[in-house]
1. Since residue 201 meets every condition but one in (1) open to solvent by 80 Å² or more (accessible area, probe 1.4 Å); (2) touching a Ser or Thr at 6+ places or on another chain (Cβ under 6 Å), which condition does it not meet?
2. Inside the stretch 144-160, can you point out the residues that are assigned to a loop (DSSP other than H, G, I, E, B) and either surrounded by fewer than 18 Cβ atoms within 10 Å (Cβ to Cβ) or at pLDDT below 95 (or both)?
3. Within the stretch 40-62, take every residue that is farther than 12 Å from residue 9 by Cα and in a strand (DSSP E or B) and give me the one that is farthest from the chain's Cα centre (by Cα).
4. With open to solvent by 60 Å² or more (accessible area, probe 1.4 Å) and either farther than 27 Å from residue 33 by Cα or in a helix (DSSP H, G or I) (or both) as the only criterion, which of 100, 84, 106 stands out?
5. Which numbered condition trips up residue 133, out of (1) open to solvent by less than 40 Å² (accessible area, probe 1.4 Å); (2) under 26 Å from residue 167 (Cβ atoms); (3) not in a helix (DSSP H, G or I)?
6. Go through (1) at pLDDT below 95; (2) within 23 Å of residue 155 (Cβ to Cβ); (3) surrounded by fewer than 19 Cβ atoms within 10 Å (Cβ to Cβ) for residue 57 and report which single condition fails.
7. Suppose we filter the stretch 131-147 for residues that are over 13 Å from residue 158 (Cβ atoms) and either without any contact (Cβ under 8 Å) to a residue 12 or more places away in the chain or not hydrophobic (A, V, I, L, M, F, W, C) (or both); how many remain?
8. Mind counting the residues in the stretch 161-198 that are in contact with a helix residue (DSSP H, G or I) (Cβ under 7 Å, 6 or more places away or on another chain) and open to solvent by 80 Å² or more (accessible area, probe 1.4 Å)?
Amino acid sequence: MTNPPLFPIVVVLAAGAGRRFREAGGSGSKLDANLLGRPVLEWTLAAVRDSGLPWTLVERPDDAHAAGGMGDSIARGVARHADAPGWLILPGDLPLIEPASLIGVAESLRDATPGEPWTVVRPQVAMADGAIQPGHPVGFGPAWRDALLGLSGESGAMPLVRQATQLGTLHPLPSQDAGCVQDVDHPDDLIRAEQALQRRPG
């Protein structure tokens, strides 16, 4: 019998069709797009691995008709670890995210949920222009399990985030990591991601 994990599970979403990327002129899947010699998804997974957190990857099923939307992918990933003390929902197209950002959300969720199981933690990123932008991963406490398992369609977990806001259980986590919000939806995003990675020290 396997013991339940002590930390929230990172659910990496990699089942999307990537229509916007192709419609903007990209070829194939955006997650397979070349970024400095590695697929976009591999950059995201490298950050997840470096965080040391438990994780699962939700890929597109062989039967495309069974794929559903983002909500269906989240439900599949959560179902694999339904006994976890929470879940961090992370789109696979965030190649610039820092491992520390994942750890920060996981620790905030873990520290809050013993007394506040309905907690949702979401990074709030301070952008260069002074704006504050909500990012990923979004962490859900254990009380959200059934709601996450019941998700379907294209809206993902946003209805639950709105519900947490109404309940007053959404905890904003200040962040300086632009990688929490810089996804790859357009071929030009690959150029910006490449430039950002080349500016990184080391």
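The values are calculated or read from the model by the stated rules, or taken from the named source; none is laboratory data. Keep in mind it's a predicted model, so treat the numbers as computed, not measured. Ideal geometry is used to build each Cβ from the backbone, glycine not excepted, and the neighbour counts take in all protein chains shown. Each accessible area value is taken on the protein alone, full model and side chains, heavy atoms only, with ligands, DNA and RNA left out. Shrake-Rupley method; radii C 1.70, N 1.55, O 1.52, S 1.80 Å.
1. (2)
2. Across the stretch 144-160, the qualifying residues are 150, 152, 153, 154, 155, 156.
3. By that ranking, first place goes to 59.
4. Details: 84 fails: open to solvent by 60 Å² or more (accessible area, probe 1.4 Å); 106 fails: open to solvent by 60 Å² or more (accessible area, probe 1.4 Å).
Testing whether each residue is open to solvent by 60 Å² or more (accessible area, probe 1.4 Å) and either farther than 27 Å from residue 33 by Cα or in a helix (DSSP H, G or I) (or both) leaves just 100.
5. Tallying (1) open to solvent by less than 40 Å² (accessible area, probe 1.4 Å); (2) under 26 Å from residue 167 (Cβ atoms); (3) not in a helix (DSSP H, G or I), residue 133 fails exactly one: (1).
6. (1)
7. 10
8. So the answer is 0.
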